[in-house]
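The values are calculated or read from the model by the stated rules, or taken from the named source; none is laboratory data. For clarity, every value in this text was computed on a predicted model and none was experimentally measured. Don't worry about glycine lacking a Cβ; one is built from the backbone with ideal geometry, like all the others, and counts go over all protein chains shown.
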Amino acid sequence: MKHLIPEAKNALLCLGMICLAITWPAATRAQEAKVNESVIELGTRREIFVDHHLIERLNGARLVLHQPRDEGMIFKFDQPWEGNDGIYAAVIKDGSKYRFYYRVQTQPNKGDTDPNQAICYAESPDGINWTKPELGLYEAAGSKKNNIVFMTQLPVCNNFTPFLDTRPGCPAGERFKALGGYRSLGLFAYVSEDGIAWRKIRENKDPLQEAVIKKGQGRFDSQNSAFWSEAEGKYVCYLRESLGGSYRWIARTTSPDFLEWTPAELMEARCNDKAAPPEHLYTNQTHPYFRAPHIYIAIAARFMQGRSAVTPEQLEPIYRGADKPAPAWISKDCSEAVFMTSRGGNLYDRTFMEAFIRPPIGFENWTSRANYPALNVVQTGPAEMSFYVHRSYTQPGAHMRRYSLRLDGFASIQAPYDGGEVLTRVLTFSGRQLRLNYSTGAAGGIRVEIQTADGRPVPGFSLKESRELLGNEIEGTAAWTGSGELAGLAGTPIRLRFVMKDADIYALRFE
């Protein structure tokens, strides 16, 4: 432009300014629209760090899966009608009472469709100490003095799985619901007022007409997990299906009323934005996390078919003195618990492909169909939650064990001693305070900066003004040197920046 006469140069500059004036607002509006499209509306709900949903960037920090603590045996399968089985279990926290359901083979080795299968029941005041009440409802082993809560001639008990219906307006007489069945018939629906006395919802002379999820919708020959989804506003069932005819897998179906269900769709599984490798997932155990019900937790059983870790000779002493020798198939496979999550739809997040619970020391723990988790995670203390795992399947020492974690503590964002940072995606919130579930080392700490959507520190909430969090809290409060009052930012798109050293953040929420 230095070769142009001044008048021409000025004309071009003016033209450029006019063009900029025209295009700049449009570009700004487009950028704002793009930000608004990607904003996560958090409100006051709790978010647990089990996936990358909130995470924009990690620098020196990482997302880690935590190892549950083995709290020991809660009870054995040692009664004549229990048959060393006890598989496909579910636990329900019903107010101040904990209820435990598990399948048994009252006559061993009769197969999946044997009418002598039954559902047994145990209860607890705290989820830690359990009793098996004498219910007197069904006869087995020559007596009604047992804890059998459900039994039928149809192969419903093969995978009969109850849940507590949290749907608003659910009738009191139907607050417990259950699905059970088999691939030759479909899945049948049952309801109960007290979790003890069950009745079938649909009655028909033709069993195929009684099924609510029809024959052909899935294989059903494993535990099928159903619940009312508060987040999706409908009933959801995760059921046993086959993937490509080669892998035991999971499909999903939904219903507005627990009677009419959509065609089942196979679940997809992704790990770090890539398709996860196919595996045998024998049970799925998918359920809403009780402190963040929009996130579904799945503590599934990974079945390693044909992967043998023990020999029949190594198992012989375990079965010595029992009424039967070790079955030939028991040493041919092994299994463990894995951790998955879902936020609805037909997608599992498998950020963590490694084992959630490895089979422990002992040949008895490396057998086929060992280490299957029960359905549901429940709170068992002010800062503790628990779930349960079956051990020593079909062996003389078969039993259930309790495992515990800190509340929200499936996984966390973790920074080492050298430090790390986390930047969240753009979000909006409701409330006046930011609560964190966190722990630090004595030499560690966490500082929180609130940024605008484009990454600029918000005055009063910068890193320099952040008060360091030091300690171990389930509901710690982030603070700044000013007032720390967040109400003025509510509804505004922001980012959170965490600068951490020797620390973990398990969850956050605004209130």
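Some observations on this one:
- Listed by position, the strands (runs of 3 or more DSSP E) enclosed by region 59-137 that each have at least 2 residues that are in contact with a Cys (Cβ under 7 Å, 6 or more places away or on another chain) are 97-105, 117-124.
- If you go through region 448-505 and keep only what is within 30 Å of the chain's Cα centre (by Cα) and at pLDDT below 95, you end up with nothing.
- Residues in region 243-298 that are within 20 Å of TYR372 (Cβ to Cβ) and of a type in the set (A, V, I, L, M) were compared, and the one that is surrounded by the most Cβ atoms within 10 Å (Cβ to Cβ) is ILE250.
- ASP85 assigned by TED's automatic domain parsing to the domain that holds VAL156, under 28 Å from the mean Cα position of the chain (by Cα), under 30 Å from ALA507 (Cα atoms) and of a type in the set (Asp, Glu): no
- Any hit, region 383-390, residues being of a type in the set (Asp, Glu), under 30 Å from LEU42 (Cα atoms), assigned to a strand (DSSP E or B) and in the same structural domain as PRO263 (by TED's automatic domain parsing): yes
- Residue count for region 131-168, restricted to those that are over 28 Å from ASN284 (Cβ atoms) and either surrounded by fewer than 21 Cβ atoms within 10 Å (Cβ to Cβ) or of a type in the set (S, T, N, Q) (or both): 14
- GLN209, sole failed condition from (1) in a loop (DSSP other than H, G, I, E, B); (2) surrounded by fewer than 21 Cβ atoms within 10 Å (Cβ to Cβ); (3) modelled with pLDDT under 95: (1)
- Boolean, ILE48 is assigned by TED's automatic domain parsing to the domain that holds ILE474, surrounded by 18 or more Cβ atoms within 10 Å (Cβ to Cβ) and either among the hydrophobic types (A, V, I, L, M, F, W, C) or within 16 Å of TYR393 (Cα to Cα) (or both): yes
- For the criterion of being at pLDDT below 95 and among the aliphatic types (A, V, I, L, M), LEU375 fails.
- Residue match in region 175-194 (condition: assigned to a strand (DSSP E or B), in contact with a Gly (Cβ under 7 Å, 6 or more places away or on another chain) and under 20 Å from GLY344 (Cβ atoms)): no
- Any hit, region 315-333, residues being in a strand (DSSP E or B) and within 28 Å of the chain's Cα centre (by Cα): no
- Only a single criterion out of (1) more than 21 Å from the chain's Cα centre (by Cα); (2) farther than 30 Å from PHE363 by Cα; (3) crowded, with 21+ Cβ neighbours inside 10 Å is not satisfied by TYR417, namely (3).
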